[in-house]
Amino acid sequence: MGNRIFNEASKWVHRATAASKETGSKDEELIAKAQNALSSAYANSTTAEKMQLRDLQNRLDQIQ
């Protein structure tokens with residue numbers, strides 16, 4: 001995807017989920033950054049990106 005904000009959201013969700021898997025606990029700061037990035041990306045995305053962002057949100061929800 002060429003959308004920079006979408007890529008940032010994906011990066012933060014990946015970091016938050018990876019940290020959760022490594023430590024077995026959630027990192028509230030990473031989760032908050034991921035959530036903010038997802039919100040920004042959703043507002044500025046195409047329909048196809050929105051579908052992928054929903055998948056990223058679901059992954060984030062699993063660690064919250």
Counting only protein heavy atoms and rolling a 1.4 Å probe, one gets per residue an accessible area for the chain in Å² of 64 Å²
Got the relative contact order for the stretch 13-53 handy, in percent, Cα pairs under 8 Å and 6 or more residues apart?
30 percent
Rounded to the nearest 500, what is the chain's calculated 222 nm mean residue ellipticity when only DSSP H runs of at least 4 contribute -39500 (n - 2.57) each, over all residues?
-28000 deg cm²/dmol
Build a GNM of the chain with springs between Cα atoms under 10 Å: which of Ala18, Ala37, Ala48 gets the top mean-square fluctuation?
Ala48
Alpha-carbon gyration tensor eigenvalues x 5, square-rooted, for the chain, Å
21, 10, 9
Karplus-derived 3J(HN,Hα) from phi for the stretch 9-20 (6.51 cos²θ - 1.76 cosθ + 1.60, θ = phi - 60°), whole Hz, x at Gly and Pro, runs 4, 4, 4, 5, 5, 4, 4, 5, 6, 5, 5, 5
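The values are calculated or read from the model by the stated rules, or taken from the named source; none is laboratory data. These numbers come from a predicted model, not from an experiment. Keep in mind that these areas ignore ligands, DNA and RNA; they rest on the heavy atoms of the full protein, side chains included. Shrake-Rupley method; radii C 1.70, N 1.55, O 1.52, S 1.80 Å.
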